[in-house]
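Please read the structure below before turning to the comments.
Laboratory data are not the source of any read-out in this text; all were calculated from the coordinates shown. Note that the coordinates shown come from a computational prediction; the quantities given were computed from them, not determined experimentally. Here the Cβ positions follow ideal geometry from the backbone for every residue, glycine too, while neighbour counts run over all protein chains shown.
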Amino acid sequence: MPFNSQLANRIAEKLIDLPDVEEKIMFSGLVFMVAGKMCIGVMKDKIMLRVDPECLNLLNDKDGWEQMKMGTKQMNGYILVSEDVVNQNKELDYWLNLALAFNPFAKAAKKKIKK
């Protein structure tokens, strides 16, 4: 299943006024790079967010999210949020702001040297 383009468009509209945002197709989804770092994405019908790993326990009272996994490995600091919980802009804003707040502290991936 390709990524949910309606959800991706909603997110793109929220990020349109931010500087240094780039869209990339990655991991069979659409990823929004902010300041050169993976920040937000759409994977099938879920939003992928890069958040502070230390804040995950603060999300225990929130429904509709899970820690992201690649195979059997948990991806520390990456969560998936179900489209069902972001139907209203207020909820979408909450989750996007969580990722955007962490972005300045996130480490950028090392650049590959082209030979």
Looking at the range 7-29, which of the residues that are within 19 Å of Asp84 (Cβ to Cβ) and of a type in the set (A, V, I, L, M, F, W, C) is surrounded by the most Cβ atoms within 10 Å (Cβ to Cβ)?
Ile11
With the checklist (1) surrounded by 15 or more Cβ atoms within 10 Å (Cβ to Cβ); (2) in contact with a helix residue (DSSP H, G or I) (Cβ under 7 Å, 6 or more places away or on another chain) in hand, flag the one item Asp45 doesn't pass.
(1)
Scan the range 22-43 residue by residue and report those that are without any contact (Cβ under 8 Å) to a residue 40 or more places away in the chain, assigned to a strand (DSSP E or B) and either farther than 19 Å from Tyr94 by Cβ or hydroxyl-bearing (Ser, Thr, Tyr) (or both).
Glu22, Glu23, Lys24, Ile25, Met26, Gly29, Leu30, Val31, Met33
Scan the range 62-115 for residues that are touching a Gly at 6+ places or on another chain (Cβ under 8 Å), among the polar types (S, T, N, Q) and part of a helix (DSSP H, G or I) and report the count.
0
Does Glu54 fit the bill of being free of Cβ contacts under 8 Å to residues at least 40 places away in the same chain, exposed (fewer than 14 other Cβ atoms within 10 Å of the Cβ) and within 14 Å of Leu96 (Cα to Cα)?
no
